[in-house]
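The structure appears right after this line, and notes come after that.
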Amino acid sequence: MMVDDLGIGDVGCYGNDTIRTPNIDRLASEGVKLTQHIAAAPLCTPSRAAFMTGRYALRSGMVSMGRVQVLLFLGGSGGLPPTETTFAKRLQQQGYTTGLVGKWHLGVNCKYRGDHCHHPNQHGFSYFYGLPFTLFNDCIPGEGSDVLVDLHHALWNLTLFLGVGLVTMVCVRVCGLLEVRLWLLVALFFLSIIAAAVWYVPFMLLPTWNCIIMRNQEVIEQPMTVETLPQRLLGEAQNFIKRNADHPFLLFFSLAHIHTPLFKTPAFAGKSRHGCYGDNLEEVDWIIGKVTETVDSLGLANNTLMYFTSDHGGHLEDSDSLIGQKGGWNSIYKGGKAMGGWEGGIRVPGIFRWPGRLAAGRVVDEPTSLMDLYPTLKYLAKDTQPDRYLDGYNLMPLLEGKAVRSEHEFMFHYCGIYLNAVRWHPPGSDSIFKVHYFTPNFSPPGAGGCYDTKVCLCHGDHVTHHNPPLLYDLFHDPSESRPLTPDTEPRYAEILEETGKAVEKHKRTLTNEQTPDGSPSQANTDVVQNQMTWEKILWRPWLQPCCGTFPFCGCKEDTTHF
């Protein structure tokens, strides 16, 4: 169960005492809570790619070199490459029935509408119901837009300029003030039509293009009705569990909460102490409770592993004057969504519950990763077949108390395609050192985030490089507020040297993949194409999923049974 944009400080069992999350807290009290659970990226698309594959998103090309850091259009050609392997595909091969309910955001089509090369069904999920894209502000009128707003405005201004120019030229010609050639009027007319189409079709119809619901490879609602989405996703998750209760199954329940726009479900509206955002969090907790109740009522608790997490930290910049804060709280940790390697953007809740196997109330303070789910599920499914190079590790020894140290001696933190920071957990030491090679610039200066761009960027003038790097000890300074120096840390030079060696070793695995023991892997030797280029991100009408005849797309799901 993965929540979208949930801050680690939003949950009761992680220290929040003003938002009610009894069902999530119950999972922690009945299972194992991870306190240093780390996302591989501080943004949806790269984090989810790493989560699904057990590998840094760079290995699958799901990282950005520029300003666009996530997939923006369902009609783009970028997405999780067909050559990649997900944990769902591995378990499907082991006889599990696999399902994904909720958000995907890892692409749909490659070359033409309906090839579904990036679709969940092609990545190991035998059943899919939900959002092939994500929930975003464009899905609700009046909430504004999340997609290339400056380009949107520039195209509108160009259309307006050409339109005014055309009208002016026509008036000048009709009034006989100047001689205006007919070919010039015709050229202006066609330029105005083209500019209007380039502005209107991709941007003004975004709810139709991106805000859709699919069941498997069929578009069943376009645009979607957001108000009923929580009930529908919950119902689908519960029904999947019930349908498959008698045989091995894997369900990835990827919630649309707590990404904006926020829901206004009447049963929860106005009930929390933190406005609409708090209401949504308490609805999330209720949903988690209903899923847990379904598992328990079917007698599945003792042989079912339940896992709760978030794809990355809360979005600090998301707020407005009417609703107030729309993004999460990341507790004592600096930064948030899209802020590189700062802890607030990558440290997330991590809870495992399995009454038949895991001791209740256990807490693990060792570094772990969302990428660890892949090898953990492989181990539990008794999958011993050769695999690609993995960056995650099997968590069961830590969860069961059979190991006290994480296998993650080093962890690498990316900001887009760029290696941003490294953490080192030296053998025999409680310290966890974090080295920042560069950090995103907060704008305006001194603020807690990048408020004029809404998300921080990872390149050029948007970052500050540090020479020497910034160095922190997360064990003694988890909020990353006191940089270490050679005077305050005796191991200062050693830390920089060891992390530098680790970076070089890590880079070698990106170009010449091998298994952790040094033997060749089953890696695809083809060069992985970057999936986040402008060429792959921008909207193409021939790739757009559609119910009906394109471009007249439109349909509604029958929701009377929800």
Long-range amide H partners of Y437 with built H, under 5 Å: A421, V422
Which lysines have a Cα lying under 29 Å from the Cα of K501, excluding residues fewer than 8 positions away in the same chain? K334, K337, K434
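Determine, for each peptide in 417-424, 546-553, 74-81, the mean count of other beta carbons within 10 angstrom over its residues, then list the peptides with the highest first. Walk me through the intermediate numbers first.
Working: 417-424: 21.5, 546-553: 13.5, 74-81: 25.8.
Most protected by this proxy first, the peptides run 74-81, 417-424, 546-553.
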Helix 182-199 versus the longest principal axis of the chain: what angle, 0 to 90°, nearest 10, using Cα atoms? 20
Go through the range 491-501 residue by residue and turn each phi into a ³J(HN,Hα) via Karplus (6.51, -1.76, 1.60, θ = phi - 60°); whole Hz please, and just put x for glycine and proline. 8, 3, 5, 5, 4, 5, 5, 5, 5, x, 4
Between the range 273-316 and the range 426-500, what is the separation of their alpha carbon centroids in Å? 32
Using a Förster distance of 35 Å, how high is the FRET efficiency between M204 and V174, based on the Cβ-Cβ distance and rounded to 0.05? 0.65
Please work out the Cα center distance from the range 189-242 to the range 533-562, rounded to the nearest Å. 6
With Kirkwood radius over Cα pairs in Å as the read-out, I listed (i) 24.0; (ii) 24.7; (iii) 25.7; which label goes with the value calculated from this structure? (ii)
As straight-line cross-link partners of K290, the qualifying lysines (C-alpha separation under 22 Å, not fewer than 8 residues apart within one chain) are K33, K103, K242, K264, K271
Taking the chain and a Cβ-Cβ threshold of 4.7 Å, the cysteines left without a partner are C13, C44, C171, C175, C276
Checking rank on 298-305, 406-413, 42-49, with mean other Cβ inside 10 Å and highest first, the result is 42-49, 406-413, 298-305
Pull up all non-local amide H partners of E221: gap of 5 or more, or a different chain, and H-to-H distance under 5 Å with H placed in the peptide plane. I213
For the pair Y112/Q385, report the inter-label distance in nm, with labels modelled 7 Å from Cα in the Cβ direction. 3.0
Contour minus Cα-Cα distance for D461 and N303 (0.36 nm per residue): 51.7 nm
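Please list, by residue number, every one of the chymotrypsin sites (Phe, Trp or Tyr not before Pro) in the range 50-153 that is coil in DSSP and has at most 14 other beta-carbon atoms within 10 Å. Walk me through the intermediate numbers first.
Values: sites: F51, Y56, F73, F87, Y96, W104, Y112, F125, Y127, F128, Y129, F133, F136; in loops: Y56, F73, Y96, W104, Y112, F125, F133, F136.
Hits after loop and neighbour filter: Y112.
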Each label sits 7 Å from Cα toward the beta-carbon; between F161 and D296 the label points are separated, in nm, by 6.3
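Sum -39500 (n - 2.57) across every DSSP H segment of at least 4 residues in the chain, then divide by the residue count to get the 222 nm mean residue ellipticity, nearest 500. Let's see the in-between values first.
On the way: 13 runs with 153 residues, N = 562.
Roughly -8500 deg cm²/dmol at 222 nm, from the helical runs in the chain.
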Between R215 and N239, what is the spin-label point distance in nm, taking each point 7 Å from the Cα along the Cα→C-beta axis? 0.6
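Only the coordinates and a few stated rules stand behind these numbers; no lab work does. All values reported here derive from a predicted model rather than from experimental measurement. So basically every Cβ, Gly included, is an ideal-geometry build from the backbone, and we count neighbours across all protein chains shown.
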